[in-house]
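S.K.: Below you will find the structure I want to go over with you.
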Amino acid sequence: MKIEIVKNILDANDQVAALNREFFDNLKVFTINIMSSPGAGKTSLILETIFRLGSQVAVIEGDVASSIDSERMAKFNIPVVQINTGGNCHLDAPMIREATKKLSLSNVKYLFIENIGNLICPASFDLGEHIRIAISSIPEGDDKPYKYPGLFSKVNAVILNKIDLLPYVNFDLERFKNGIIALNKNAKIFLLSCKTKEGIDTWVEWLESENSYK
Amino acid sequence: MHELAVTEEVIKTVTEVSKGKKVKTIELVIGDLSSFIDESIQFYFELLTRSTPLEGTKLLFRRIPVKLRCYNCQKEFIPDETYLCPYCKKIGGDVIEGREFYIESIEVEDENRDCEEYPRC
C-alpha cells in the first residue's frame, strides 16, 4: 500500500528558522548569514563591516573547532558567541536559537552569523536570517558559482574579496559574474579587499540600506 | 556530511507515518540544486536503521534536474554548464525546478496480504 507524504525533509529546521526570524523581527535585529569556503575572508569582512557601521552589533561564530575567530572579535569588545559544531559541516536553526540565548540583543542593530567555511551544506539550512551573503575570493578561481550553484543561487549578495590580488591571478571577472547572474540575476555583486579596504564602504552602504529596522 | 541530520529526519517522519507497519520503500525527491547526495543518504540510512524496524527498507531516489525559465525569452530549458538558453542564446533564467527535497511517499506492506502470507500474524 502506497502512502503519499510529500513532506519537506527540512521542515523541522525551517520551523525553528521561522521562530528565529520572528524573534529577530520583534527585537528589530537585522540578521546576516555569511557563507563562504574556508579562508575567503568571513571574519575579516565582518570586522571591517562592524568598524564602519557605528551601531551596536553582535556576532555568532560557527566553526567545526577552536575559538580563534571569536577571540579575534572579542579583542574589539564585540559581543560574540562561539558555536563549535564538533564536525558538523553547517549551522542549523536550532543551533542559532541556542546561541541567541547567550547574547544580549536588546540594543543590537546587526547580528552577523559566520557560518561554517563550506560552499555546499550551509546553503540548505535556513537560520532565520534576513539576508544571505556569499563571499568568494580571487585565489579560489572564477569557477565557484558554476561549481556551487546551490549556494550562489540563493544569496542576496556575493562579495568577491581579495580583489587586490587580481593582477597576479588568472581570474576572469566576467565569467565569475555570469555564473552568478545565470541563476540569480537579483544578487548584488561587490568587489572589495579587506586588506586594502577598497570597495568596503560601498558594501556597507548597501547593507545599511537593506536594514529596514534602522 | 550534512546528510546525517536529514536522514535522521527522514527516519523520524517515516516512523511516524508508517505506524508500525513494515515499510518496503521510501521515495525521496531531490533537486540537483539542493546539495544532497543519494549515496550519502543511503549510507547513513543503512547505518541508522540497523536493527530497527526500518532495516532493509529500500530508498528510491528521484532526481530533479535544474530547469530554468529564460530571463529573456521566457522559454523553459534544462541548462548545461554555460547556462545559455538554447532558444535565444542569452544567459540564465529563474529557477523553476531543482530545489526539491522531500519525501514523496512510502510503500508499506498490506496488512491483509501479510495475514495471508503469515497466517499467525
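The values are calculated or read from the model by the stated rules, or taken from the named source; none is laboratory data. Not measured: the values here are computed from a predicted model. FYI the Cβ positions are ideal-geometry reconstructions off the backbone, even for glycines, and counts take in every protein chain you see.
S.K.: Among (1) within 14 Å of chain B (Cβ to nearest Cβ); (2) assigned to a helix (DSSP H, G or I), which single condition is A:LYS185 missing?
M.R.: (2)
S.K.: With the structure loaded, tell me whether A:LYS214 is assigned to a loop (DSSP other than H, G, I, E, B) and either at pLDDT 95 or above or within 14 Å of chain B (Cβ to nearest Cβ) (or both) or whether it fails that test.
M.R.: no
S.K.: Take the residues of the range B:4-35 that are within 9 Å of another protein chain (Cβ to nearest Cβ), closer than 23 Å to A:CYS89 by Cα and touching a Ser or Thr at 6+ places or on another chain (Cβ under 7 Å): which is surrounded by the most Cβ atoms within 10 Å (Cβ to Cβ)?
M.R.: Among those that are within 9 Å of another protein chain (Cβ to nearest Cβ), closer than 23 Å to A:CYS89 by Cα and touching a Ser or Thr at 6+ places or on another chain (Cβ under 7 Å), it is B:LEU33.
S.K.: May I pose another question? For the condition in contact (Cβ under 8 Å) with a residue 40 or more places away in the chain and either under 19 Å from the mean Cα position of the chain (by Cα) or not in a strand (DSSP E or B) (or both), what is the one hit in B:LEU59, B:LEU33?
M.R.: None of the other options fit; the residue is B:LEU33.
S.K.: Just a yes or no: is a residue in the range A:196-208 over 21 Å from A:GLY39 (Cα atoms), without any contact (Cβ under 8 Å) to a residue 24 or more places away in the chain and surrounded by fewer than 20 Cβ atoms within 10 Å (Cβ to Cβ)?
M.R.: Yes: the range A:196-208 contains one or more residues that are over 21 Å from A:GLY39 (Cα atoms), without any contact (Cβ under 8 Å) to a residue 24 or more places away in the chain and surrounded by fewer than 20 Cβ atoms within 10 Å (Cβ to Cβ).
S.K.: Still on this structure: Can you name the number of the only condition in (1) surrounded by fewer than 21 Cβ atoms within 10 Å (Cβ to Cβ); (2) in contact (Cβ under 8 Å) with a residue 12 or more places away in the chain that A:ILE46 fails?
M.R.: Among (1) surrounded by fewer than 21 Cβ atoms within 10 Å (Cβ to Cβ); (2) in contact (Cβ under 8 Å) with a residue 12 or more places away in the chain, the lone unmet condition for A:ILE46 is (1).
S.K.: Kindly indicate which of A:ALA12, A:ALA40, A:ALA18 is at pLDDT below 95 and under 25 Å from A:PHE152 (Cα atoms).
M.R.: Just a single option satisfies the conditions, and that option is A:ALA12.
S.K.: Related question: Among the residues of the range A:136-173, how many are assigned to a helix (DSSP H, G or I) and buried (at least 20 other Cβ atoms within 10 Å of the Cβ)?
M.R.: 9
S.K.: Which residue, of A:ASN88, A:ASN13, is within 30 Å of A:ILE138 (Cβ to Cβ) and in contact (Cβ under 8 Å) with a residue 12 or more places away in the chain?
M.R.: Exactly one of A:ASN88, A:ASN13 is within 30 Å of A:ILE138 (Cβ to Cβ) and in contact (Cβ under 8 Å) with a residue 12 or more places away in the chain, namely A:ASN88.
S.K.: Looking at (1) in contact (Cβ under 8 Å) with a residue 60 or more places away in the chain; (2) in a strand (DSSP E or B), which one does A:GLU129 not meet, given that it meets all the others?
M.R.: (2)
S.K.: Same structure, new question: For the range A:109-119, state whether one or more residues are assigned to a helix (DSSP H, G or I), in contact with a Lys or Arg (Cβ under 8 Å, 6 or more places away or on another chain) and crowded, with 22+ Cβ neighbours inside 10 Å.
M.R.: no
S.K.: Sticking with this structure for a sec: Give the residues of the range A:64-93 that are in a helix (DSSP H, G or I) and surrounded by 16 or more Cβ atoms within 10 Å (Cβ to Cβ), sorted by residue number.
M.R.: Once the filter is applied, which keeps residues that are in a helix (DSSP H, G or I) and surrounded by 16 or more Cβ atoms within 10 Å (Cβ to Cβ), the range A:64-93 yields A:ASP69, A:SER70, A:ARG72, A:MET73, A:ALA93.
S.K.: So, in the range B:39-68, how many residues would count as being within 13 Å of another protein chain (Cβ to nearest Cβ), out of contact with any helix residue (DSSP H, G or I) (no Cβ under 8 Å at 6 or more places or on another chain) and surrounded by fewer than 16 Cβ atoms within 10 Å (Cβ to Cβ)?
M.R.: The total comes to 3.
S.K.: I would also like to ask the following. Of the conditions (1) within 27 Å of B:GLU3 (Cβ to Cβ); (2) at pLDDT 95 or above; (3) hydroxyl-bearing (Ser, Thr, Tyr), A:SER66 fails just one. Which one is it?
M.R.: Against the list (1) within 27 Å of B:GLU3 (Cβ to Cβ); (2) at pLDDT 95 or above; (3) hydroxyl-bearing (Ser, Thr, Tyr), A:SER66 comes up short only on (2).
S.K.: Go through the range B:69-92 and give me each residue that's within 8 Å of chain A (Cβ to nearest Cβ) and in a strand (DSSP E or B).
M.R.: Across the range B:69-92, the qualifying residue is only B:ILE91.
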